[in-house]
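**Student:** The structure is given below, and queries will be raised subsequently.
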Amino acid sequence: MSKRVAVISPAPTANGDLHLGHLAGPFLAADVFTRYQRAVGRETVFGTGAQDTSTFVVTTARRLGTTPEALVADSTARIESTLAAMGIAVDGFTRDEERFTKQVLRFVSRLHDEGKLVLRPTLFPYAPSTGQYLVDGFVKGGCPNCLAEGCAGLCESCGHPLAAGDLIDARSAENPEEVLEWHEIPVLVLPLEEYRGRLREYFATTGAALRPHMAQAVEEMLSRPLPDFPLTYPISWGIPAPFPEVAGQSVNPNAETMAWSIYTTGLSAEIRGEVLAEDDQLWWPESDTEVVYFLGFDNTFPFAIAGAAMLLALHDRYALPAGFVTNEFYELEHQKFSTSRGHLVWGQELADRLPRDIGRYHLAATSPENQRTNFGWSALAAVTGARLVEPWNRVAAKAERWAGQTLPVSAASREAAARITARFAASYELATFSLGRAAETLAEQLGRLDRWEVTDAQAGDFYHQVQTVLRGAAPLLIDLAERAGVGTRLTYDDPTTEVTVGPLPRLDGEAM
C-alpha cells in the first residue's frame, strides 16, 4: 500500500462556473474516491483549481463583453464556491498565482535545458484582420482523425490531439467568414515519437485498468507515429515562454499539465499540514505517492500521453501516474451541456434547490462513466425519490421502534456487514471504481432493509446493518452520515456485539 494517494481533477477553464457535466464527471468521482481512501486509512490529498491560460478565456470574455482578467477572477470564485456547495472537499485549489507560474517555467525550462525540446517550423492559420495566429479556441474545423467538428487543440470526440494546422476547412471561431492565411512559425516541440515505445510499455504495465473509451484512444494513438507536441504557441495570452529562440510566444496551456499536477499535489499536502523539502517532492519515485487522475475523456492526450512523455523525458526524476478514471459527456435533455447556448444547469442551482446528498446521489446514479447519460429534473425526482429518499425515510422510521434500547448483534449480522462493506468497497477501489455501482449498491441495500419485517429479536441486527450501509455510503451521502454519527472508518473486521439505537435523520425530498 502506498504511503500516500494524490487525487487530481484537471482544473476547469476559468470562463464560467461549473455545470452539472463537470460535477457528474470528474469532480464528484474524485471526491468520493478521496473520502474512501481516507476511510480505509490511506493518507490522501486532493487537488484541482481553475485554469486561466486557456484561449477559451479570451473568446468567452470577448463574447461577454468583459476582460479576460475580470472573467478569470469571477469564474474562479464561482468554481470554488460551487465545489464547496456540493461537498467536494478539495485540499489544494490552484488559481492565477505567481507560485504556479514559476512552477511551470521551472518545469519547461528543465526540459529545454536538458535538450528535450526541438525548434520546428509548424503550420498555423493566421487571421490578417487581427494579425493573430489561431490556435485552440481561436479556430474551428474538422478533425482529420474522426472528422468531427470542433476547436483545435484536442478533439472532444476521439480524444486525439488536433493541431490547428491540421484542421479540415479551418475557420476563425470569432470571425468565421474571414479568409485565413497559412504561415510556418518555429515553435518548441517535444518529439513524442521518441517516447512511444516507453509509453506503450507504461500503459501495458500500469496497475489500474483504463475504461474502454480511453483504452481505445490510447491504443489508437500509440499504434501509429506520434506527432510533435508544441510546448510554445505564437500567441500572447498565457504564460510567456522564457526562451529567446521563441521570443514573444507563450507556453501551450496543454503543456502545463504535469507542472500543474506537481504544483497542486504539493499545495494540497501543505494545506493538510505537511512540510515538503521541495515543491515536487511528492512526485519523486522514492516518495511512494500513487497519483490518480479523474478527468474527462477529452483530457486523455494532454495528461496521459503528452504528460507522461514529459515525465519520461526528465530521466525518471518523477514517478508516472498510477491510474486514470475517465468520464464521457453528461447531457441535458439529451443534448450536450453548452455554456455558449445557455443549455445547462449550474452546479450552484442544484445545490440551492435540494439537499446536496440528494444531488450527489443522483449525479452518481446517472454518472456518464462509459457512455453519455442524461440529466432531467423530473428524472431526478423519480430516481432519488424511489431509490433513496422514500426507502431511507421508511428504514429510519422503522428503527425508531427500538430507540434508546441497547440490543445484541449476532455473528451472522457481523458477517452480513462485512459483505455489505465489500460491496461498497468494490465500487470505490481504483481498478473497479464506479459511482453508478456505488449508488446501485446503496439502493439495493436500502430496498432490502425496507422489506425486512423486523422482529424484536432481530432489532439489533437490523440497526447494525443500517449503520453499516450508511457507513459504506458515507463517501457519497456526506451530510446524512455525519448527522447520523456513524463515522466514516471502513473495516471488514467488525467487532460489534451490541448497539444502542439512536434517532436517524430523515432526507427531505420536498424540494424535488
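**Student:** Report the full-extension gain for the segment Glu440 to Ala397: residue separation times 0.36 nm, less the Cα-Cα distance, to one decimal in nm.
**Tutor:** 13.3 nm
**Student:** Sticking with this structure for a sec: Rounded to the nearest 0.05, what FRET efficiency is calculated for Asp508 and His315 with R0 set to 56 Å and r the Cβ-Cβ distance?
**Tutor:** Approximately 0.50, to the nearest 0.05.
**Student:** Please tell me the relative contact order of the range 93-201 in percent, rounded to the nearest whole number, where contacts are Cα pairs under 8 Å and at least six residues apart.
**Tutor:** That works out to 29 percent.
**Student:** How big is the gap, in Å, between the Cα center of the range 253-318 and the Cα center of the range 112-155?
**Tutor:** 25
**Student:** Can you give me the Rg/Rh ratio for the range 189-231, using Cα atoms for both radii and the Kirkwood formula for Rh?
**Tutor:** On the Cα set of the range 189-231, Rg over Rh gives 1.00.
**Student:** Let me ask another. Counting DSSP beta bridges in the chain, what percent are antiparallel, to the nearest 5?
**Tutor:** Around 60 percent antiparallel, to the nearest 5.
**Student:** Oh, and also: What list of ³J(HN,Hα) values in whole Hz, one per residue of the range 4-12 in order, does the Karplus curve 6.51 cos²θ - 1.76 cosθ + 1.60 (θ = phi - 60°) give from phi, with Gly and Pro shown as x?
**Tutor:** 8, 10, 10, 9, 10, 10, x, 4, x
**Student:** Which three numbers, in whole Å and largest first, are the semi-axes of the equivalent ellipsoid of the range 399-512 derived from its Cα gyration tensor as √(5λ)?
**Tutor:** Semi-axis lengths for the range 399-512 are 22, 18, 13 Å.
**Student:** Okay, next question. Size of the dipole of the range 117-189 about the Cα centre, Lys and Arg at +1 and Asp and Glu at -1 on the beta carbon, nothing else charged, in debye to 20?
**Tutor:** Computed charge dipole of the range 117-189: roughly 220 debye.
**Student:** Where only protein heavy atoms count, and the probe is 1.4 Å, what is the accessible area per residue for the range 230-284 in Å²?
**Tutor:** On a per-residue basis, 34 Å².
**Student:** Carbon-plus-sulfur fraction of the accessible area of the range 27-150, 1.4 Å probe, in percent?
**Tutor:** The computed percentage sits at 51.
**Student:** Just report the Cα centroid separation between the range 8-81 and the range 320-354, whole Å.
**Tutor:** 12
**Student:** Shifting gears a bit: Could you compute Rg(Cα) / (2.2 N^0.38 Å) for the range 134-248, with N its residue count?
**Tutor:** Taking N as the residue count of the range 134-248, the ratio is 1.21.
**Student:** Name the residues of the range 187-225 whose amide N is less than 14 Å from a point 7 angstrom out from the Cα of Thr432 along the C-beta direction?
**Tutor:** 209
**Student:** If I model a spin label at Glu194 and Thr66 as a point 7 Å from the Cα along the Cα→Cβ vector, what separation in nanometres do I get?
**Tutor:** So the label points at Glu194 and Thr66 sit 4.3 nm apart.
**Student:** A follow-up question, please. With 20 Å as the cut-off, how large is the P(r) tail for the range 1-119, expressed as percent of Cα-Cα pairs?
**Tutor:** The calculated P(r) of the range 1-119 puts 53 percent of pairs beyond 20 Å.
**Student:** Would you kindly work out the equivalent ellipsoid of the range 173-325 from its C-alpha gyration tensor and give its semi-axes, the square roots of five times the eigenvalues, largest first in whole Å?
**Tutor:** They are 29, 22, 15 Å, listed largest first.
**Student:** I would also like to ask the following. Below 8 Å, C-alpha to C-alpha, sequence gap of six or more: please give me the relative contact order for the chain in percent.
**Tutor:** Relative contact order, the chain: 18 percent.
**Student:** Going through the range 310-345, which GluC sites (Glu not before Pro) have at most 14 other Cβ atoms within 10 Å and a DSSP loop state?
**Tutor:** Glu333
**Student:** Okay, helix-only estimate at 222 nm for the chain: each DSSP H run of n ≥ 4 adds -39500 (n - 2.57), divide by all residues, round to 500 deg cm²/dmol; what do you get?
**Tutor:** -11500 deg cm²/dmol
**Student:** Assuming R0 = 51 Å, what is the FRET efficiency of Ser223 and Asp450, from their Cβ-Cβ distance, to the nearest 0.05?
**Tutor:** 0.50
**Student:** Here's something else I'd like to know. So which trypsin sites (Lys or Arg not before Pro) in the range 455-489 pass both tests, a DSSP loop state and at most 12 other Cβ atoms within 10 Å of the Cβ?
**Tutor:** Passing sites in the range 455-489 are Arg489.
**Student:** Debye calculation, C-alpha points only, no solvent: report log10 I(q)/I(0) for the range 308-399 at q = 0.11, 0.14, 0.21 Å⁻¹, in the same order as the q values.
**Tutor:** Relative scattering, expressed as log10 I(q)/I(0), comes to -0.51, -0.68, -1.05.
**Student:** Extension gain Ala379-Asp288, at 0.36 nm per residue separation less the Cα-Cα distance, in nm?
**Tutor:** Additional length available on full extension: 28.4 nm.
**Student:** Using a 7 Å offset from the Cα along the Cα-to-Cβ direction at both Glu270 and Thr206, what is the distance between the two label points in nm, to one decimal?
**Tutor:** Using points 7 Å along Cα→Cβ, the separation is 2.8 nm.
**Student:** Run the numbers on the range 186-345 and let me know its relative contact order in percent, using alpha-carbon pairs under 8 Å that are six or more apart.
**Tutor:** This gives 24 percent for the range 186-345.
**Student:** Could I have the simple spin-label model distance between Glu498 and Lys102, label points 7 Å from Cα toward Cβ, reported in nm to one decimal?
**Tutor:** Modelled inter-label distance: 6.0 nm.
The values are calculated or read from the model by the stated rules, or taken from the named source; none is laboratory data. Please read all numbers here as calculations on a predicted model, not as lab measurements. Note that each Cβ is placed from the backbone with ideal geometry, even for glycine, and that neighbours are counted across all protein chains shown. Keep in mind that these areas ignore ligands, DNA and RNA; they rest on the heavy atoms of the full protein, side chains included. Shrake-Rupley method; radii C 1.70, N 1.55, O 1.52, S 1.80 Å.
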